[in-house]
1. Among T97, T85, T60, T114, which is the only one that is within 28 Å of F34 (Cβ to Cβ) and modelled with pLDDT under 95?
2. Return yes or no: is V190 of a type in the set (A, V, I, L, M), at pLDDT 95 or above, out of contact with any Asp or Glu (no Cβ under 8 Å at 6 or more places or on another chain) and outside any helix (DSSP H, G or I)?
3. Which of the residues spanning the stretch 101-143 are touching a helix residue (DSSP H, G or I) at 6+ places or on another chain (Cβ under 9 Å) and small (G, A, S)?
4. Can you report the number of residues in the stretch 118-146 which are farther than 26 Å from A189 by Cβ and either in contact (Cβ under 8 Å) with a residue 12 or more places away in the chain or aliphatic (A, V, I, L, M) (or both)?
5. Taking the condition hydroxyl-bearing (S, T, Y) and surrounded by fewer than 20 Cβ atoms within 10 Å (Cβ to Cβ), does Y72 pass?
6. Can you name the residue in the stretch 105-150 that is of a type in the set (K, R) and under 17 Å from Y16 (Cβ atoms) and, of all such residues, is surrounded by the fewest Cβ atoms within 10 Å (Cβ to Cβ)?
7. Since I6 meets every condition but one in (1) assigned to a helix (DSSP H, G or I); (2) surrounded by 14 or more Cβ atoms within 10 Å (Cβ to Cβ); (3) among the β-branched types (V, I, T), which condition does it not meet?
8. Checking the structure you have, find out if any residue of the stretch 147-158 is under 23 Å from P115 (Cβ atoms), of a type in the set (S, T, N, Q), without any contact (Cβ under 8 Å) to a residue 12 or more places away in the chain and out of contact with any Lys or Arg (no Cβ under 6 Å at 6 or more places or on another chain).
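The values are calculated or read from the model by the stated rules, or taken from the named source; none is laboratory data. Everything numeric here is computed off the predicted structure, so don't read it as measured data. All Cβ positions, even for glycine, are placed from backbone atoms using ideal geometry, and neighbour counts span all protein chains on display.
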Amino acid sequence: MIQLDIFSDPICPWCYIGKAHLDRALQDFPDHPFQIRWLPFMLNPDMPAAGMDRRAYLETKFGGKEGAVQAYLPVHENAEAAGLTLHLDTIAKTPNTVDAHRLIHWAGIEGRQTPVVSALFRAYFVEGRDIGDAEVLADVADDQGMDASLILRLLRSDEDRKEIVERDAAARGMGITSVPTFIVAGRHAVPGAQPPDLWRRVIEELRAGADPAA
């Protein structure tokens, strides 16, 4: 197996799109060589613990309402091309994602990381749920076969919070400045929501024993 590390944030629309592209390619290769691991990168590491109003967040980030609208036009176009339907108008709050990353980390211990990541994307971008809320995260965990009561207890503690913050800082120390960023075999960085054809070529080259960066 070949390690495929994916740095992402569950409130990043390009990460959702990038995952959809990767999934489409993997469907064509049921025997693909990847062992996938999801690693934390927080788009807003200084976000207040309670999050903030999404409209205020977007207008601050993009310099007003018109800037926010323009910034999200390519998101909608690329999401539609990837077969995703986003209900961004249902999102009331931009959350702090450290707890979502803690859940992803614990899901990895149980071998449920990718399903939990998928469920978090759906919860946020399709259902408009607050994935900074412990009850919502416990519900997501429960839907994916994890122990919701245990997850709720862990979320109400500081368990692994420091580790997530340190991993986020380590990613930035590696030079990662945006997500998604994919690291193939610990050596080759593939930034951005790359199309399925790129992943098909990478998989074919790996299966042929070639270096995908060559």
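1. From the options T97, T85, T60, T114, the qualifying one is T85.
2. Spelling it out, V190 is indeed of a type in the set (A, V, I, L, M), at pLDDT 95 or above, out of contact with any Asp or Glu (no Cβ under 8 Å at 6 or more places or on another chain) and outside any helix (DSSP H, G or I).
3. Across the stretch 101-143, the qualifying residues are A107, G108, S118, A119, A123, G128, G132, A134, A138, A141.
4. Number of matching residues: 20.
5. Yes, satisfied.
6. Only one residue fits best here, namely R122.
7. Result: I6 fails condition (1) only.
8. yes
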